[in-house]
1. Quick one: count up the residues across the range 38-69 that are open to solvent by 50 Å² or more (accessible area, probe 1.4 Å) and over 28 Å from Pro218 (Cα atoms).
2. Which pairs turn up if I take residues in the range 315-333 that are over 23 Å from Pro274 (Cβ atoms) and look for partners that are among the acidic types (Asp, Glu) and open to solvent by 30 Å² or more (accessible area, probe 1.4 Å) with beta carbon separation below 6 Å, at least 6 apart in sequence or on another chain?
3. Return the pairs, sorted by first residue and then second, in which the second residue is surrounded by 13 or more Cβ atoms within 10 Å (Cβ to Cβ), the first residue lies in the range 375-389 and is small (Gly, Ala, Ser), the beta carbons are less than 7 Å apart, and the residues are 6+ apart or on different chains.
4. Just to be sure before I move on: is Ala84 under 31 Å from the mean Cα position of the chain (by Cα) and open to solvent by less than 60 Å² (accessible area, probe 1.4 Å) in the structure I sent?
5. Can you list residue pairs whose Cβ atoms sit under 7 Å apart, with the first residue in the range 262-278 being assigned to a helix (DSSP H, G or I) and the second being β-branched (Val, Ile, Thr)? Count only pairs 6 or more apart in sequence or on different chains.
6. Out of the range 213-233, which residues are part of a helix (DSSP H, G or I) and buried (at least 20 other Cβ atoms within 10 Å of the Cβ)?
7. I'd like the full set of residues that are outside any loop (DSSP other than H, G, I, E, B), open to solvent by 10 Å² or more (accessible area, probe 1.4 Å) and either among the β-branched types (Val, Ile, Thr) or on the phi > 0 side of the Ramachandran plot (or both), limited to the range 280-300.
8. Just one of the numbered conditions (1) closer than 23 Å to Ile368 by Cβ; (2) touching a Leu at 6+ places or on another chain (Cβ under 7 Å) is not true of Arg272; which one?
Amino acid sequence: MTATMPGAVGAPLARLEGPEKVSGTARYAAEYPQDDVAYGWVVQSPVPCGRLDAVLADPLADAVAVLWHGNAPQLTAVEDPELAVLQSARISYRGQPVALVVADTLEAARRAAQVLQLDITAEEHDAVLRTDHPDLYAPETVNPGYPTETTAGDVEAALATAPVSVDVTYRTPALHNNPMEPHATIARWDGDDLVLHDSNQHPSGVAATVGEVFGLPPERVHVITEHVGGGFGSKGTARPNAVLAALAAKVTGRPVKVVLPRQAMFSVVGHRTPTVQRLRLGAEADGTLTAIEHVAYSQTSRLYEFAEQTAVTTRHMYAAPNRRTAHQLVRLDMPTPRWMRAPGEAPGMLGLECAMDELAAELGMDPIELRIRNEPAVEPEGGTPFTSRHYVECLRAGAERFGWSGRDPRPRQRREGDWWIGTGVAGASYPTMAQPSTARVRALDDGTFEVAIGAADLGTGARTILTQIAADALEVPAERVRIRIGDSTLPKASVAGGSSGSASWGWAVTGACRELRSSGQSEATFDTTEQVQQQETEGRHAFGAHFAEVRVDAVTGEVRVSRMFGMFAAGRILNPRTARSQFLGGMIMGMGMALHEEGVLNPAMGAWVNHDLAGYHIPAHADVEQIDAAWLDETDDQINPMGSKGIGEIGIVGSPAAIVNAVWHATGVRVRDLPVRLDKLLGSA
């Protein structure tokens, strides 16, 4: 066997599917040719609460079928009630699918939907999250199973006697997943078997769930997900478009394509809940924290309890003897929140890291020094040792790279023409996780190896990374590895989410390749379930430090981000090229959270009024001026065979807080209600 030195892991290998994507030959879910395909158009509720009594279709419209709860086939109830589409008269939110029009063309389906008459009995609705809502409650757990509340010591007593303290409330708006490729499905029944070309982050999971909905075992649902144009968590589970397409295909006997329009992305596929976060910090005069309290309020729908774990990140960041974290949730007549990049950590770290900045200002202390002074030796709440923690090194190395030395901590001290200039810092942490997965490897007659695993590549480079991992485990060049992913008939893999994909799938691939070599056989399969279940779940995190420089127009309040820099400690970096893209993408998404993205609620309508990318702003190229990321050479041999940590989400964790803190440093204005719009800064000149 040929030795391969240096190894493939760690090399900046270009994405294997890159040529297909840039040449337009990579096929996404809606692009697979089908004979006699029909098109489905989702009809959404125009009211946030009520009952659909009847549907009247125009006989002159060219609809093949109009499905609603009055005529749709009965489905099996599953854990996610959002998948019980067209099964009930009850309307739980504005935008909920209430009917599906099927026609020979997309244009005919859309036109028939426009003239469809809905007989609806509207009812009073409640759409506003507030901290004095009478229906607030503490959920039994928050995602993905953390305790709702944790306490240690006496927070009230510590705050009462703390020489320095802050008591601040931060608010984040609803944020909406908007991957370039919207949710899309082509469904076709081959006899009693169902074939789905579906855009998702978990082919085997979608096969299992949709199969349950239609009373089929998972092996009779074939989900194909070769390429995915982004997901950010919103495609982690089966969504209504998959069930609707399968329903329509069953009724019409034809393949049916359902592609959600951009407008539907703001209601049907999930979003990040708005949050209200109260943080109280107490400290000695030297900056030693004596108390931390983080209480988070968020919302969910009437249909499904989704409890964002907003305050959980505070349990891991800083030492303090007295501490409390808690969550309060309220059910509203609004769409169900779902997973969105760095759920919990992204909004939670915004609150914590801005509060730390405010405490540093009260103390008259450098904000980096305050963070370093409160570095814990072990998990602050459980006492579990960290497998590795290099947060302080990220702060120090990042500060040097960014040019933090000599910064005047006072706000409004630097002005160039009409621009106030400021800099900010914030910490970042994200859990390091692995989930059970299975991989198979075969030695082929031509000297190559086929590695198969039912993973999904959202555009992050998973296909490339797994090839590199397999090459090293087999001790062959990467060119001799053929990777197969994106198909539910392949060995079962975990979801592409929670920054766990590379660790979970890479672990299984490594095991299968090692098994092949040791056994001398031509095929080997490896299941990581037992190893993953034996792992400790605490004390495993990636860390980072974000730095931002902003300038704020003294006349107009316009904010520009002049520089962003992130320094990370995320275990072994498997591919520096794809890793850098991940880090920068997360940081740019953080810029959007700080300055641009905002679901604007109309309480009277029970809906967000912005529902496309003209009204819902995200950073464009012109918004990103100078941005860079770097990482430490971190070794952690306790987490998985590769020593890698997840990097998909830590880029967005902390980057919004760094920008918000920089805006304060520039202007002296604390904006605690995101996003930082210019109208909130007017008058600061």
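The values are calculated or read from the model by the stated rules, or taken from the named source; none is laboratory data. No experiment lies behind these values; they were computed from the predicted model shown. Cβ: placed from backbone, ideal geometry, glycine included. Neighbour counts: every protein chain shown. Surface accessibility is based on the protein's heavy atoms, side chains included, excluding ligands, DNA and RNA. Shrake-Rupley method; radii C 1.70, N 1.55, O 1.52, S 1.80 Å.
1. Applying the first criterion (open to solvent by 50 Å² or more (accessible area, probe 1.4 Å)) to the range 38-69 yields 39, 44, 46, 51, 53, 56, 58-60, 62, 64, 69.
Checking which are over 28 Å from Pro218 (Cα atoms) leaves us with 44, 46, 51, 53, 56, 58-60, 62, 64.
The number of residues fulfilling the criteria is 10.
2. Asn322/Asp154
3. Gly382/Glu538; Ser388/Glu634; Ser388/Asp636
4. Values: under 31 Å from the mean Cα position of the chain (by Cα): yes; open to solvent by less than 60 Å² (accessible area, probe 1.4 Å): yes.
Yes.
5. Between residues of the range 262-278 that are assigned to a helix (DSSP H, G or I) and residues that are β-branched (Val, Ile, Thr), the close pairs are Ala264/Val42.
6. Residues of the range 213-233 that are part of a helix (DSSP H, G or I), as a first pass: 213, 218-220.
Val213, the sole residue that qualifies.
7. Thr290, Val295
8. Arg272 satisfies every listed condition except (1).
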